[in-house]
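First the structure, in the form of structure tokens, and then the observations on it.
The values are calculated or read from the model by the stated rules, or taken from the named source; none is laboratory data. Bear in mind that the values here come from a model prediction, so they are computed numbers and not experimental data. Cβ placement follows ideal geometry from the backbone for every residue including glycine, while neighbour counts extend to all protein chains displayed.
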Amino acid sequence: MDTARNLSEALTKDMQTSLTPASIIQELKDGNARFLAGESVERDFLAQVKSTAGGQNPMAAIVGCIDSRVPPEIVFDLGVGDVFSARIAGNFVNTDILGSLEFATAAAGSKVIVVLGHTQCGAVKGTCDNVELGNLTSTLANLAPAMYQVDHTQYAPLSSQNADYVNAVTDANIRLTTRNIVNRSAVIRDLVAEGKVVVIGALHHVESGEVTFLDDTEINQNTL
């Protein structure tokens with residue numbers, strides 16, 4: 001888990017420029033490994049706040065769920081200024097989040113977008129159960145396409161009581177969101193085609209804290 005930069009220091013523009021998408025993904029994997037081992041880097045967060053007051057140079061942007069058990073900066077052992085974080089129930093994207101990701105990459109220089117789903121997701125379970133509750137009804141409608149991508153003949157019952165079904169919808173939702181980012185944003189699609197940005201899915205296991213990355217090679221070859 002060696003790295004070329006001092007992880008206790010906030011990212012500078014030079015540091016950000018020197019990183020590649022592959023090295024950033026590896027850094028996230030290494031950070032999660034440190035977190036699981038109880039070996040998180042000792043950081044002076046207040047010093048990082050002060051050093052980033054004049055500007056930021058995050059290496060990645062993470063689209064995650066609002067779930068309280070899935071704080072990306074903690075599970076990836078990150079510091080202040082390391083990543084952008086967009087959080088919404090069910091880790092899907094809409095126009096506003098896509099615009100935020102375009103800012104993160106095209107304007108601010110981030111080179112990786114991670115769609116971070118998680119096990120035991122309440123939003124996914126609510127979608128599986130066709131929950132209707134105020135504005136949440138509209139929110140969960142964004143996850144319905146993932147539910148319909150799952151082969152329903154392989155699962156019974158089709159509800160949150162079936163853990164295998166929930167897991168399948170969770171996986172489908174992560175993969176669909178990664179594709180939506182590339183398909184719905186010409187700005188990000190061009191950056192992916194040029195090899196400047198990688199969009200990748202990941203799954204946070206709330207039972208252990210482990211994050212596993214999905215194989216999204218086909219997305220980053222721009223073959224959609």
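Could you check how many residues of the stretch 109-125 are assigned to a loop (DSSP other than H, G, I, E, B) and either out of contact with any helix residue (DSSP H, G or I) (no Cβ under 8 Å at 6 or more places or on another chain) or not basic (Lys, Arg) (or both)? Steps first, answer last, please.
Narrowing the stretch 109-125 to residues assigned to a loop (DSSP other than H, G, I, E, B): 109-111, 119-121.
Still in the list and also either out of contact with any helix residue (DSSP H, G or I) (no Cβ under 8 Å at 6 or more places or on another chain) or not basic (Lys, Arg) (or both): 109-110, 119-121.
Total satisfying the criteria: 5.
If you scan the stretch 140-157, which residues turn out to be in a loop (DSSP other than H, G, I, E, B) and aliphatic (A, V, I, L, M)? Don't jump to the end; show me each part of the working.
Pass one, the stretch 140-157, residues in a loop (DSSP other than H, G, I, E, B): 142-143, 150-151, 155-157.
The answer is 143, 150, 156.
Residues are listed down the side, and each one gets a yes or a no for (1) under 28 Å from residue 35 (Cβ atoms); (2) assigned to a helix (DSSP H, G or I); (3) under 17 Å from the mean Cα position of the chain (by Cα); (4) at pLDDT 95 or above:
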position	(1), (2), (3), (4)
127	no, yes, no, yes
138	no, yes, no, yes
159	no, no, no, yes
164	yes, yes, no, yes
176	yes, yes, yes, yes
182	no, yes, yes, yes
191	no, yes, no, yes
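Select from the stretch 105-123 the residues that are of a type in the set (A, V, I, L, M) and in contact with a Pro (Cβ under 7 Å, 6 or more places away or on another chain) and write down the one among them that is nearest to residue 169 (Cα to Cα). Spell out how you get there, then give the answer.
Keep residues of the stretch 105-123 that are of a type in the set (A, V, I, L, M), which gives 106-108, 112-116, 123.
Narrowing the set further to residues that are in contact with a Pro (Cβ under 7 Å, 6 or more places away or on another chain) leaves 108, 112, 116.
Details: 108: 32, 112: 24, 116: 14 Å.
It comes out as 116.
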So residue 50 ticks every box in (1) in contact with an Asp or Glu (Cβ under 7 Å, 6 or more places away or on another chain); (2) farther than 30 Å from residue 125 by Cα; (3) assigned to a helix (DSSP H, G or I) but one. Which box is left unticked? (1)
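In this structure, is residue 138 among the small types (Gly, Ala, Ser) and in contact (Cβ under 8 Å) with a residue 40 or more places away in the chain? Reasoning before the result, please.
On the way: among the small types (Gly, Ala, Ser): yes; in contact (Cβ under 8 Å) with a residue 40 or more places away in the chain: no.
Spelling it out, it is not the case that residue 138 is among the small types (Gly, Ala, Ser) and in contact (Cβ under 8 Å) with a residue 40 or more places away in the chain.
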